[in-house]
Every structure is written in C-alpha cells, then in structure tokens.
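Here is the structure we will look at, set down as structure tokens.
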Amino acid sequence: MAYPFQYGLQDATSPIMEELMHFHDHTLMIVFLISSLVLYIISLMLTTSLTHTSTMDAQEVEIIWTILPAVILVLIALPSLRILYLMDEINNPVLTVKTLGHQWYWSYEYTDYEDLNFDSYMIPTSELKPGELRLLEVDNRVVLPMELPIRMLISSEDVLHSWAVPSLGLKTDAIPGRLNQATLTSTRPGLFYGQCSEICGSNHSFMPIVLEMVPLKHFEDWSMSMI
C-alpha cells in the first residue's frame, strides 16, 4: 500500500501492474530526453547572439523535426496498445466475483458458490484495533486465491462508483445498469488496499476495498466456512 511522502507507484502485485510500471518508466525517459533537448536549445538561443540563417531555413531541419516526433509517438503508442489488449484479455478465469457499489459500501457475490455473498463496510475510526489502518480497513475482506486468473464483474446500485486497487493495476467504473469486467491475478499473498475512485457523494472517501490474497487451500477452507 502507499506510504507517506511516496513519490513512485505502489509495488506491483500483478503482471499487468508490472507492465504498467515498465511503460511508465519507458515514457518518463522519453519525456526526460525531450525536455533536456528543448532546455538545451532554449539556453543556446538565449546565450548565442548569432543566428545561422541557412540552418534555420534548411529543408533537412524541417524533415528532422517532422519525422522525429512521429517516431517518438510510435515508440509510446505501440507498448501502450499492447498493455490495453492485455488488460482486456481474460483467459479461462477460475473464479468470478460480482461487485456492486452502494452509497457508501461495496457488496460482493461469489457467483460460483450458491450462498456466498456479503457487504463490506469501512470500520469506523473509534472501532479500529491497534495496527489497523484508518479509512482503509473493512469488516469483511474479499478473500481470493493467488496465482489464479479471477474475473471481477463490476456494477452499481445507485450512482457512479469506481473499483480501484492500485497495486493490482485495476480501476474499473461501476455504472448503474451496466456490467463492466476486469481480470486480476496476484503473484504473491497479502493484503491489498484500494478505494472508490469516483466522486460518488458525501461519503465517497469511505468506500475502501481490501483484497486478501491467499493460497488456494486457505481459500477453499475460508469458502467452506462462509457457506
């Protein structure tokens, strides 16, 4: 999860988030090189009193500063499109969980089980136990098996919400009357926190999401105890 004065992204938990972090670094390096070049040219123009007229009007220069930006855009667009297709790809999910946004809490339904559903409310600050995180802890965590593809079906009962878990690279809008789909795969166990990322009303900031990723055996034991 995030920590105070954090400048970078959260540690990646899913392959998609790893790809997004690599793309972020790739794009940031391109932006840094462009900014450095522009700053160098500006400083050169401010400190040099002479202007080479034949260079300023040369056809070669026109060709270079037309083709170079096009090449840079292609270098950004190709990996971006690749990640977009990866994010929409769902290959034989082993589990489907339906998520409904309410004002202001989440409800979850494990569609592969007959009676496995619950609501997830934020724990009030006055009821937090030592070590629990303010505005992020919930009374019922979403327990999921790690290292397996899981499909999330996301919708809303009232207004627009957004189901987002940064460390998994997930952010999907919950829209009334529409069923959106997302896929997640966690490469390690642990607790992963998120929040509603849509301004959905007065208690918008009190809709935390907590995913507890566990080995498959522990998930089976948990699901049997909940039914």
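The values are calculated or read from the model by the stated rules, or taken from the named source; none is laboratory data. Only a predicted model underlies this, so the values are computations on that prediction, with no experimental measurement involved. Every residue, glycine among them, receives a Cβ derived from its backbone with ideal geometry; neighbour counts consider all protein chains shown. SASA here: full protein model, heavy atoms, side chains in, ligands and nucleic acids out. Shrake-Rupley method; radii C 1.70, N 1.55, O 1.52, S 1.80 Å.
General remarks:
- Compactness of the chain was expressed as the Cα radius of gyration divided by 2.2 N^0.38 Å, which yields 1.37.
- The range 148-227: Cα Rg divided by the 2.2 N^0.38 Å rule of thumb: 1.20
- Relative packing of peptides 15-23, 33-41 - highest average C-beta neighbours within 10 Å first: 15-23, 33-41
- Rh by Kirkwood over Cα pairs, then Stokes-Einstein D for the range 95-226 at 0.890 mPa s and 25 °C, µm²/s: 164
- Among the protein heavy atoms of the chain, carbon and sulfur supply 61% of the accessible surface, probe 1.4 Å, non-protein parts ignored.
- Mean Cβ count within 10 Å, highest first, over the residues of peptides 1-13, 90-102: 90-102, 1-13
- Computed P(r) (all Cα pairs; the range 15-88; 10 Å bins; percent): 15, 34, 27, 16, 8, 1
- Each label point was placed 7 Å from the Cα along the Cα-to-Cβ direction; for His22 and Leu75 their separation is 1.7 nm.
- Take every pair of alpha-carbon atoms less than 8 Å apart whose residues are at least six positions apart; their mean separation over the length of the chain yields a relative contact order of 21 percent.
- Listed residues Ser43, Ser202 arranged by accessible area, highest first, probe 1.4 Å: Ser202, Ser43
- Projecting the Cα atoms of Leu95, Thr125, Thr111 onto the charge dipole of the chain (Cβ charges, centred on the Cα centre) puts Thr125 farthest toward the positive pole.
- Exposure check, 1.4 Å probe, all protein chains in place: Thr47 carries approximately 110 Å² of accessible surface.
- Positive-pole candidate from Leu81, Phe32, Met45, dipole of the range 15-88, charges at beta carbon: Met45
- Sparse-neighbourhood loop sites, GluC sites (Glu not before Pro) in the range 37-145 - DSSP loop, at most 16 other Cβ within 10 angstrom: Glu89, Glu114, Glu132
- Simple Cβ-charge dipole of the range 99-146, Lys/Arg +1 and Asp/Glu -1, about Cα centre, in debye nearest 20: 320
- In this Cβ point-charge picture (+1 for Lys and Arg, -1 for Asp and Glu), the chain has a dipole of about 360 debye about its Cα centre.
- In percent, rounded to a whole number, the relative contact order of the range 95-226 is 27, using alpha-carbon pairs under 8 Å and six or more apart.
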